[in-house]
1. Most exposed first by the Cβ proxy, i.e. fewest other Cβ within 10 Å, how do Y142, Y129, Y209 rank?
2. Quick check on my link table: of K162/K354; K192/K354; K153/K192, which ones sit more than 31 Å apart, alpha carbon to alpha carbon?
3. Please arrange F189, F387 by counting, for each residue, the other beta carbons lying within 10 Å of its beta carbon, fewest first.
4. Let's test the formula: R0 of 60 Å, r as the Cβ-Cβ distance of K18 and R177. What FRET efficiency results, to the nearest 0.05?
5. At R0 = 35 Å, how high is the FRET efficiency between T307 and Q274 if r is their beta carbon distance? Nearest 0.05 is fine.
6. Please report, in whole Å, how far the alpha carbons of the stretch 83-249 spread along each principal axis, starting with the longest.
7. Rounded to the nearest 0.05, what FRET efficiency do E167 and K190 give with R0 = 22 Å and r taken as the Cβ-Cβ distance? Could you check?
8. Treating only the Cβ atoms of Lys and Arg (+1) and Asp and Glu (-1) as charged, compute the dipole magnitude of the stretch 83-249 about its Cα centre; round to the nearest 20 debye.
Amino acid sequence: MNILRTSRVALRALGRNKMRSFLTALGIIIGVGAVISMVSIGEGARRGVEDRFASMGTNLLFVSPGSRSRGGVHSGSGGWNTLKPEDAAAIEQQCDAVKYTSPSASTRAQVVYGNKNWNTSIQGTGAMYPEVRNWELADGTYFDESQVRVAAKVCVLGSEVKKSLFEDEDAVGKIIRVKAIPFRVIGVFKSKGESGGWFNRDDMMTVPYTTVMKRLTGQEYISSIDISAVSAARTKETQTQIEELMRIRHKIAPGAEDDFQVRNMSEIAEGAAQATQIMTILLGSIASISLLVGGIGIMNIMLVSVTERIREIGIRMAVGARQKDILLQFLTEAIVLSVLGGLIGVFFGIGLSKILHYVKIFSEFKTTVSPSSIIMAFGFSASVGIFFGFYPARKASRLDPIEALRYE
């Protein structure tokens with residue numbers, strides 16, 4: 001008996017009980033759909049995390065104030081600031097794994113244009129801030145090193161601030177006021193949106209960090225240093241070089257506590273990606289249980305089918321069918337059930353993953369259906385058909401032909 005003929009006979013046998021066959025395949029349909037949709041949620045979350053970290057900057061590291069203990073009193077993280085612009089310059093010049101640096105000094109103030117005003121974050125940065133943070137401008141230009149040196153009264157607006165103050169009006173070239181000080185708008189950032197629901201990255205404006213220090217706050221130290229490594233592969237090396245240089249510059253004795261801290265965003269992004277990967281595996285594993293339940297349903301129905309068709313099996317054996325022909329016949333029926341259920345389940349899973357994107361709890365990221373999840377789910381469904389269909393098929397093939405013919 002060839003495979004094609006066996007498949008036709010299997011389809012006719014299943015077609016005699018359409019509703020029962022559909023309900024049996026439904027377990028596989030739901031199982032495959034659940035696996036694909038759950039894996040798509042996990043994959044979408046992983047890519048969302050990667051995209052958010054990528055949008056923060058290229059191979060990004062931060063140097064921020066550390067802590068110090070005096071008289072048994074510990075200042076805590078960020079409680080002891082000794083960072084100066086010279087530290088940023090030294091890092092860029094002496095660390096060969098560093099590509100760009102951007103000193104940072106920030107404050108918050110009311111920004112006024114005409115009869116409109118807006119309270120926003122004012123970020124003092126270096127000239128290389130757009131390159132470090134991988135942030136393009138929608139209009140105008142960014143300030144350069146010469147404007148940083150003279151603490152120029154120029155600014156670049158985030159898209160939210162631009163919209164609030166200027167609406168549809170062109171902002172470049174206009175004069176706004178911050179603490180009664182006039183600033184000329186020279187550029188507008190492209191929109192980046194919210195950062196994981198914590199804050200709106202577009203609700204800010206940047207000015208030279210020297211301007212913040214000299215004209216707005218009078219502070220002596222910078223808040224942090226944003227650093228871009230030459231490549232993602234060298235971020236760990238970059239961190240080591242920075243730590244060694246800063247300990248020398250700040251005259252920190254061996255074994256003493258650092259008065260700064262270096263954060264490597266690549267390591268944080270890697271850890272977050274691994275966490276979402278574990279979540280994807282967990283979701284897929286949980287969904288796979290429904291496939292096993294569907295397989296048990298196939299075994300149950302095939303056992304019922306064998307019982308109903310004992311006399312048919314006896315007749316087939318009497319006219320020359322061998323044990324392996326009977327085995328193949330019933331095994332094919334189980335495989336056809338699981339494969340058809342798997343095919344329908346693939347489309348069900350893809351559709352479900354698209355719908356889940358519009359559910360509020362999953363709307364933060366785009367669900368992503370990967371070819372690997374489809375292949376895995378479909379392959380698993382076919383394997384379930386073979387595994388759970390083998391016992392009923394084997395039972396059918398071992399029936400005694402004489403006893404089968406006598407069965408009523």
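Values in this text are rule-based calculations from the coordinates and carry no lab data. As the structure is a computational prediction, the values presented were derived from the model and not from experiment. Positions of Cβ are generated from backbone atoms using ideal geometry, with glycine treated the same way; all protein chains shown enter the neighbour counts.
1. If I rank by nearby Cβ atoms, fewest first, I get Y142, Y129, Y209.
2. Values: K162/K354 34 Å; K192/K354 24 Å; K153/K192 25 Å.
Listed pairs above 31 Å: K162/K354.
3. If I rank by nearby Cβ atoms, fewest first, I get F387, F189.
4. 0.20
5. FRET efficiency, T307 to Q274: 0.10.
6. That works out to 51, 32, 28 Å along the principal axes.
7. Values: r = 18 Å, r/R0 = 0.80.
FRET efficiency, E167 to K190: 0.80.
8. 520
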